[in-house]
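A short worksheet on the structure shown next.
Read-outs throughout are calculated quantities, based only on the coordinates presented, and are distinct from any laboratory measurement. Note that the structure is predicted; figures quoted are calculated from it, not measured. Neighbour counts are summed over all protein chains in view; Cβ atoms, including those assigned to glycine, are modelled from backbone coordinates with ideal geometry.
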Amino acid sequence: MSGGHRPPVAGGVATGAGPIQRLPAEVKVAAAVAFVLVVAVTPRGALAVLAVQGVAIMGVVALARLPLGFVARRLAVVAPFLVAAALTAVVAGGPRIDVGPLSLSEPGLRAGVAVAAKTLIGALTSIAVAGTTPIPDLLAGLGRLGLPRPLVTLAGFTLRYLDLVADGLTRRRRAMTARGYRPRRLTQAGPLAASLGTMFVHTYERGERVHAAMLSRGFTGAMPEITVHPRPRAAQWATAALLPMVAAAALAVAWAGPGLA
Amino acid sequence: MTTDLPPGDAPPSAGPGTAAAISVEGLRYSYPDGSVALRGVSLRLDPGERVALLGPNGAGKTTLALHLNGILAVQEGAVTAGGLEVTEANLAEIRRRVQLVFADADDQLFMPTAAQDVAFGPANLGLRGPDLEARVAASLEAVGAGHLAGRTPHHLSTGEKRRVALATALAMDPDVLVLDEPTAGLDPRGQRELIALLRTLSPTLLVITHDLGLALALCPRTVIIDDGTTCADGPTRVLLADDELLARHQLALPYGFDRTALSAEPVEPA
């Protein structure tokens, strides 16, 4: 495909062969989901528990040796949530405390910190999985976790052709810009809409050609089972389970002990 | 048909009793919108032949190819592969015997990895486990793409995609390979490498192309179709030397083409 050497939309995997990279995809996904569930049910007041959970996931990211820039760029996605969390501290009611020139609501501040912490932990968890697992493995792993095969296939097709669609969009925009199209007002959006329309038609036609290629190789309507992966070993499950277990243990200790809000 | 068939070099044809690798007789086809794509095409390929199918844009070349393994159903006329008629009931075996490699490799490579893409066809034939793995490995090796097995198709170069697309078809262990514009989009070196590779393949080849150099290098025999009918069928060297014939069908030798290549034996790529 043309489009220069733009990094692909999908498949941003940091290379390397750390311990996290070696774990089977389904093991990582299951551990990540369990961990995020524990973080989600951790009460907002339990900042110490959230701190332990945060350190745990940062430990995983460090073990995976994901480059700092790689993690930071992907974390930018949650910035709006962090802004919302910060606003809570300003606009919420209740007793107020002074932090520098600002007068902040104390319960708002607590809630904001908790929301920010949970958001960051959740984002880091998905980065840790997505950044260490090639997408084909991730899809296969989801299939082995019991996700229906049509859904896995659909996700696979989407990822496969996302780049081509994005590429087509870039080329069209470039061609329009080259001929002096610089939309400034909503009334100038016509050509853009038309180009999206033709793009839809082209994508549909590609779908038909892909279907023909599938028929040509004996496709009869059901995706064949192709890869037979070895089952993850018990030790691998146990290793991955450490993460949600640490999170749950911190929560349990806080629950058992006094001082939990 | 064969109105422009030059005298002398008749196309090779096997004796009676040998099933044609591909036989097309009086094939007509109109698209649902009423436009007629084929108005009576006839063509016979004997086992092991390498034939170029030339013609201008819109001549019906790809439409013909889509009939050869039943992607388009025959409306009028007959198509057989190895003596087996292309009908709904025979589709599974027909698609094992006749494989198409599409012009745009991005249409052909739809699975998350190259290896899974190559496995798709044989898995549909029922292959599983070690047999499937062996078939995939052998097919990728045959096109020099063993090292690409785990790669995702959208990260491959055009030449690499083309090789893997070829492997997906070879994995079906076909008797006939139909290649649609196999050199389109390849740089000159990629074209040379592909031609050298195609010469090593054993199936009967039908190569749809505008690339007359490719036709000359790879295919001793050429068929020209235009406006949905077969217009010429003969030795590639003879047809390509006929400027008037080429001009009539919007075909032309590339600028700077060495015409002595037409009088000599087919060019061996380096």
- Is region A:148-216 best put as rounded, prolate or oblate by its Cα gyration tensor, with a ≥ b ≥ c the root eigenvalues, rounded for a/c under 1.5, and otherwise prolate when a/b is larger than b/c, oblate when not? prolate
- Once you have the Cα-Cα distance between A:PHE200 and A:ALA256, take 0.36 nm times their residue separation minus that, and quote the gain in nm to one decimal. 14.4 nm
- Query: Ranked from highest to lowest mean number of other Cβ atoms within 10 Å per residue, what is the order of the peptides A:65-74, A:238-247?
  - Reply: A:238-247, A:65-74
- Note on the structure: Applying the gyration tensor rule to the Cα atoms of chain B (axes a ≥ b ≥ c; rounded if a/c under 1.5, else prolate if a/b exceeds b/c, else oblate), the class is oblate
- Query: Considering only DSSP beta bridges whose two residues both sit in the protein assembly as shown, what percent are antiparallel, to the nearest 5?
  - Reply: 60 percent
- Task: Using per-residue counts of other Cβ atoms within 10 Å, averaged over each peptide, order A:18-28, B:221-231, B:162-172 from highest down.
- Result: B:162-172, B:221-231, A:18-28
- Message: Tell me whether region A:75-177 comes out rounded, prolate or oblate; compute the Cα gyration tensor, take square roots of the eigenvalues as a ≥ b ≥ c, and use a/c under 1.5 as the rounded threshold.
- Response: oblate
- FRET efficiency, 1/(1 + (r/R0)^6) with R0 35 Å, evaluated for A:VAL99 and A:LEU169 via beta carbons: 0.20
- Output for chain A (equivalent-ellipsoid semi-axes, sqrt of 5λ from the C-alpha gyration tensor, Å, descending) is 40, 30, 15
- Roughly what would the spin-label model give for B:GLU141 and B:ALA247, points 7 Å off Cα along C-beta, in nm? 5.2 nm
- Message: On C-alpha positions alone, give me the angle between the axis of helix A:234-256 and the longest principal axis of chain A, in degrees, nearest 10.
- Response: 40 degrees
- Item | Alpha-carbon radius of gyration plus Dmax, which is the widest Cα pair, for the protein assembly as shown in Å | 30.0, 104
- Query: Shielding of A:89-100 by partners, i.e. mean partner chain Cβ atoms within 10 Å per residue?
  - Reply: 0
- Percent RCO, i.e. relative contact order, over chain B, from Cα pairs under 8 Å lying at least 6 residues apart: 26 percent
- Message: Once R0 is set to 41 Å, what does the formula 1/(1 + (r/R0)^6) return for the Cβ-Cβ distance between B:SER263 and B:HIS155, expressed as a FRET efficiency to the nearest 0.05?
- Response: 0.40
- Task: May I ask for the angle, rounded to the nearest 10°, between helix A:47-63 and the longest principal axis of chain A, with both axes built from Cα atoms and the value confined to 0 to 90°?
- Result: 40 degrees
- Other chains' Cβ within 10 Å of B:99-107 residues: what's the mean? 5
- Per-residue average of other protein chain Cβ atoms inside 10 Å, peptide A:231-239 -> 0
- Task: Pop the C-beta distance of B:VAL36 and B:ASP173 into the FRET formula with R0 = 30 Å and round what comes out to the nearest 0.05.
- Result: 0.30
- Given the Cα-Cα distance of A:LEU154 and A:HIS211 and 0.36 nm per residue of separation, how much length would full extension add, in nm? 19.2 nm
